[in-house]
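Asks: Encoded as structure tokens, here's the structure I'll be asking about.
The values are calculated or read from the model by the stated rules, or taken from the named source; none is laboratory data. None of the values given here were measured: they were computed from a predicted structure. Cβ placement follows ideal geometry from the backbone for every residue including glycine, while neighbour counts extend to all protein chains displayed. Surface accessibility is based on the protein's heavy atoms, side chains included, excluding ligands, DNA and RNA. Shrake-Rupley method; radii C 1.70, N 1.55, O 1.52, S 1.80 Å.
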Amino acid sequence: MAQPSIPPPPLTQQQPPGPAAAPAAPGVQVRCAGCRMILTVGPGVTEFVCPTCQLPQMLPPELMTRARTNNPPPNQSVPAHGIDPTKIQLPCANCKAILNVPHGLARFSCPQCGVDLAVDLNKMKQLFPPPQPRPPPPPEEVNEVAIEVEREEDEGGPVGETFTDYRPPKLSIGPPHPDPIVETSSLSAVQPPEPIYDLRIKDDMESSKALSCLQIETLVYACQRHHQHLPSSARAGFFIGDGAGVGKGRTIAGLIWENWHHGRRKALWISVGSDLKFDARRDLDDVGAACIEVHALNKLPYSKLDSKSVGIRQGVVFLTYSSLIASSEKGRSRLQQLVQWCGSGFDGLVIFDECHKAKNLVPEAGSQPTRTGEAVLEIQARLPEARVIYCSATGASEPRNMGYMVRLGLWGHGTCFPDFQRFLVALEKGGVGALELVAMDMKARGMYVCRTLSYKGVEFEVIEAPLEAEMEAMYKKAAELWAELRVELLSASAFHSNEKPNPSQLWRMYWSSHQRFFRHMCMSAKVPATVRLAKQALKEDKCVVIGLQSTGEARTEEAVTKYGLELDDFVSGPRELLLKFVEENYPLPEKPEPLQGDESVKELQRKRHSATPGVSLKGRVRKVAKWKPASDGESDEESDTDSGHESTESDDEFQICEICNSEEERKKLLQCSCCGKLVHPACLVPPITDLVPEKWSCYSCKEKTDEYMQARRVYIEELLKRYEQALQRKSKILDIIRSLDLPNNPLDDIIDQLGGPDKVAEMTGRRGMLVRASSGKGVTYQARNTKEVTMEMVNMHEKQLFMDGKKLVAIISEAGSAGVSLQADRRALNQKRRVHLTLELPWSADRAIQQFGRTHRSNQASAPEYRLLFTNLGGERRFASIVAKRLESLGALTQGDRRAGPSLSAYNYDSSYGKKSLMVMYRGIMEQDNLPVVPPGCSAEKPDTIQDFITKAKAALVSVGIVRDTVLGNGKDNGKFSGRIVDSDMHDVGRFLNRLLGLPPDIQNRLFELFISILDVLVQNARIEGNLDSGIVDMKANIIELQGNPKTVHVDQMSGALTVLFTFTLDRGITWESASTMLDEKKKDGLGSASDGFYESRREWLGRRHFILAFESSASGMFKIVRPAVGESVREMPLAELKNKYRKISLLEKARSGWEDEYEVSSKQCMHGPNCKLGNFCTVGRRIQEVNVLGGLILPVWGTIEKALSKQARLSHRRLRVVRLETTADNQRIVGLLVPNAAVETVLQDLAWVQDIED
């Protein structure tokens, strides 16, 4: 502990661990700086000599204060430290302890009492005169500018340009790819291993030109990888991560053909849809493998595939993931059949195409792994020698979805992650950057390729289709109807609480119908715009593809079964959905059975006595409500048991009369059929003389029954009345729904408006559709296929008609379009430019890109134009913008004015920040906490506007069932709601976005805006605190040079790939000349504002002021800041802050000398001055900076690095950060983990240790 340059540890860190009995000894425990023994230093002692090694030493400064306070207060579990001048001192609101709080930290918990605290910066300025302990030496002043610069540095640079052009780095076989291909720039910083495999089919391919150089490169690396075995002794697998449309299918065909030449004649090809079998056939023909047969498994019996009757001895068996888990009635499974066909020691190909289908193998906590995921794992386990290929464009976008990729060898035996769970935890801690590192690792080890079709030449436009007035009214009415329906159902189900359907089921149905209904409404709102754009495109001699998610098939089929095959007009999906929901789920009391005639009296008596005695009459009446007249079977059973019952009672034939108590033969006594009494006919009053009917009942029973029947009649009439009233209410609701004006099924509507099924090719999963009659009156339901085309071929047939130009409009749904190619293919007849309209965007940008991949593929005559349609409802605009951002990063161009597009934060709403901001918003609306922002449409000056908004928002959340158990207050709380939001809803962003759609448009948009502005604030705060995971950050500087030779710190045994430590020198400074040129150019363009110019800080630190250049950025009122030492900062400064902290310099000469002086000084020292605690390790505001980056293979040494970083003093250094640098002289690009300078030693020691052990 003798290094003075280590700052005091942050509050929460414990002291070096001493022996367990520590608390007993007074004083403090330290580790000797010489011999590392643990010593106990008496109270008050600050200098001492170690008794073992005789080294004189002092207590470290953070323990001095403890040594002074002789008796530490009780209950203090965490040692207090002295005042840290680099932080703000604040008292804890609960235990009043003074805490050192880092600047910019807004929320934290008190290390003493554990209470969560928040810093209110506005109050702080008034509350705290600067603390006066002893006057600190002058250099220790808190330098605000330094803090600002430190924040900016922790934030990292801009997030880099994400894609670069791709050419195979180490192979030059084959023709170039027909279209431009890109790769993420982080991957392009990694070189794959040397190719050593020699292709058998190389000469064929070079002459036929069937595969491009990219595809041949994949073949070489895949075959090379298949020669290796993992430590677990299974054969290593290969992952093809190419994006949609790069030509994965043909690559796979090439692999099958190559293996065929090696005598491996069997292969399994597993994909998502059975239609893709035809594409597989086409791809094999394209590479010249026409002799290899493709067998569709779903057409084959469950018996042995190579038996005489089936006769499949070789070739490709093509199956879908769903048939992988199928089994026959006799219990034979497809999986077993395939394993048997492959045989033991099978070393052929097993291809998991579109393998993200198996993704839920390791699901989120609480749900079960899917059977598909388990089957994929099992077939890999049972064929350990198989050559596995994983194929998916979105496979590695989410680490959780990689659970089934066991053959990559990233976890398991012989790696630093014993199992997938550990691997997952490590990656999730590392965030987005970590995922990119995994991809880089896989590429460096030669098991992964991932290229994407460049979207250059593609144009896209985000088009707002505002709700037309009529639609808006419709929407508002519908939202009101759903809210009323909810109240109606609540009261109805409270009234008939004991009847079915049970409430939880009812509400599940209600919300799922609610969500479907409003998704439908959103789609319908875009129909007019879609039709307009489609007609426009057809006029311009282009052809149209319209993408949507759901087809509304179920609604149509229900309507057809209900109303017959011929209808007046298209089915309104939303209306049918509502009708169906109310008809099936409206809670009715049970319909009472009317009373039958006389015979039921006997029946009643029998039943009444079989009921348990002692049930009150009222209770009995309740039970009666559910009686049905007994069937014959029932009464027979009764009599059987009765007779059985007697025979056990006594063996003799004598019984006792209940009236005279004398014994008599059983057959001379009468038995009451109701209460079972036995009596002599003569003992009765009046006695019975004539023949008794079989079911005789005694007088007392008879009397009771008559009264009973009377009461029963009244009761049943009452029940009937209730039932009929409920029925009336239900039919009234149904009438209201029928009278509502609701939109038609969008799919049928569009097809109809664009000229009917003869003009429009439909590729969806539905079986039938409604078509307008030729007379123009009414519509009929017909199957989608004709006599010549089978149902399963109908999508392929329609696709062909579109590609041949016989139909110029295609409509695709997610289900019907997996893997289908609709681009302007140079081989197709229809080469018109495609205009792709999205009627409904999927919830994730990945899936949206997957859908765009239908029309943007290799070998196209022209690139498509995308039109992203969105309505002005809730989340839609934001959603479209996230997808747009993704397209832009892939190189697509926006049409029209750049500024017109929504300028957007491409956040994923369902991220941890999304969940957090939802919670903050809910708490604000429920008035448990203040809202961090002013709600939209309110002003801070008028608190009543905010209160008004909160009331409205609360009512809105009540109406969509997010706030539950509401009670309207009375008395002094008159008109106030009380209610609660259950914990599971507090974080459920998906539920919030879905329910939001069920609100009238105005409040819906205000709530959404509030959610987004809170999200912006949280993300901004995270940025300032340095916790925001922004993926890979570009480190920018004017000069970046590599220092010396990179050190190899680890070598991978299997592939020989290296882990390398690079050391760079960065010069971030900006000379006076470049700064003044910048300013002049601004002025010359006439873009400058009056406030542009050089500024100096209003305060002095260490006797000097700081200088900056500020000029207005594209956002008005915000200024870009350029500093002499560190160049342009990422954060822009508002004008008010600029004027508050700095003043403008009018004399250029003064600005110049100040600038040059700061430029000089900053080359040697940081902004904290010569006495900085971190000494040479500190980089804050230092112009010339040394940066250490660990590049190459990272995964094998991940654990080591994490351990070393966790010991760092500064919080921002403990995070794994992935950075990208490009040397200025020779443009060498390096991507890797940033290792803080203070941690380099530790990392190197630990790595050497990793190495020794392995040797």
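Asks: For LEU490 and VAL934 in the same chain, what is the full-extension length gain: residue separation times 0.36 nm, less their Cα-Cα distance, in nm?
Replies: Between LEU490 and VAL934, full extension yields 156.4 nm more.
Asks: How charged is the neighbourhood of ARG555? Take every other residue with its Cβ under 11 Å from the Cβ of ARG555, and add Lys/Arg as +1 and Asp/Glu as -1. Walk me through the numbers on the way to the answer.
Replies: Numbers: positive: ARG516, LYS562, ARG575, LYS580, ARG766; negative: GLU553, GLU557, GLU558, GLU576, ASP748.
Net charge around ARG555: 0.
Asks: Now, a different point. FRET efficiency for ILE38 and HIS413, Cβ-Cβ distance as r, R0 = 41 Å, nearest 0.05?
Replies: 0.60
Asks: If packing is taken as the average number of other Cβ atoms within 10 Å across a peptide's residues, how do 194-202, 542-550, 207-215 rank, most packed first?
Replies: Final packing ranking: 542-550, 207-215, 194-202.
Asks: Can you return the lysines within cross-link range of LYS787? Criterion is Cα-Cα under 24 Å, with same-chain partners fewer than 8 residues away left out.
Replies: LYS787 reaches LYS277, LYS299, LYS759, LYS799, LYS806, LYS807.
Asks: Just to confirm a number: summing +1 for Lys and Arg and -1 for Asp and Glu over residues other than ASN745 whose beta-carbon lies under 11 angstrom from that of ASN745, what do you get?
Replies: Spelling it out: positives minus negatives among the neighbours equals -3.
Asks: Looking at the square roots a ≥ b ≥ c of the eigenvalues of the Cα gyration tensor of the range 1028-1107, which shape do they give, rounded for a/c under 1.5, prolate if a/b is larger than b/c, or oblate?
Replies: prolate
Asks: What does the charge add up to near PRO936, with Lys and Arg as +1, Asp and Glu as -1, over the other residues with Cβ less than 10 Å from its Cβ?
Replies: Here the charged neighbours net out to 0.
Asks: So how far apart, in nm, are the two label points at ARG713 and VAL685 if each is 7 Å from Cα heading toward Cβ?
Replies: 3.0
Asks: May I ask you to list the lysines whose Cα is less than 27 Å away from that of LYS96, ignoring any residue fewer than eight positions away on the same chain?
Replies: Once the sequence-local lysines are set aside, what remains near LYS96 is LYS87, LYS123, LYS125.
Asks: Now, a different point. Ignoring ligands, DNA and RNA, please state the percent of accessible area on the range 244-345 from carbon and sulfur, probe 1.4 Å.
Replies: Here carbon and sulfur together make up 49 percent of the probe-accessible area.
Asks: How big is the shadow of the Cα convex hull of the range 521-599, averaged over all directions, in nm²? Write down the numbers at each step before the final one.
Replies: Working: hull surface 38.0 nm².
Directional mean of the projected Cα hull area for the range 521-599 stands at 9.5 nm².
Asks: Sticking with this structure for a sec: Whole-Å semi-axes of the range 1155-1225's equivalent ellipsoid, largest first, each the root of 5 times a Cα gyration tensor eigenvalue? Numbers along the way, then the final one.
Replies: On the way: eigenvalues 159, 62, 12 Å².
That gives 28, 18, 8 Å for the three semi-axes.
Asks: Something else now. May I ask which residue of ALA529, VAL544, ALA554 lies farthest towards the positive end of the charge dipole of the range 523-564, with charges of +1 (Lys, Arg) and -1 (Asp, Glu) on Cβ and the Cα centre as origin?
Replies: Projecting each Cα onto the dipole axis, the largest value belongs to ALA529.
Asks: Right, here's the next one. Run the reach check for LYS668 against lysines, Cα to Cα strictly under 17 Å, same-chain hits fewer than 8 apart removed. What comes back?
Replies: Once the sequence-local lysines are set aside, what remains near LYS668 is LYS677, LYS695.
Asks: Could you run the Karplus curve 6.51 cos²θ - 1.76 cosθ + 1.60 with θ = phi - 60° over the range 188-202 and give me ³J(HN,Hα) per residue in whole Hz, x for Gly and Pro?
Replies: Whole-Hz 3J(HN,Hα) from phi for the range 188-202: 5, 7, 10, 9, x, x, 5, x, 10, 7, 10, 6, 6, 9, 4.
Asks: Calculate, in nm to one decimal, what ARG767 and LYS667 gain on full extension: separation in residues at 0.36 nm each, minus their alpha carbon distance. Numbers along the way, then the final one.
Replies: Details: separation 100, 0.36 × 100 = 36.00 nm, distance 7.15 nm.
Contour length minus Cα-Cα distance gives 28.9 nm.
Asks: Tabulate in residue order the Karplus-calculated ³J(HN,Hα) for the range 1177-1187, using 6.51 cos²θ - 1.76 cosθ + 1.60 with θ = phi - 60°, rounded to whole Hz; enter x for Gly and Pro.
Replies: Computed from phi, the couplings for the range 1177-1187 are 6, 6, 10, 5, x, 8, 6, 9, 10, 9, 10 Hz.
Asks: If you don't mind, there's one more thing I want to ask. Show me 1182-1188, 1237-1243, 852-858, 731-737 ranked by packing, highest mean number of other Cβ atoms within 10 Å first.
Replies: 852-858, 1182-1188, 1237-1243, 731-737
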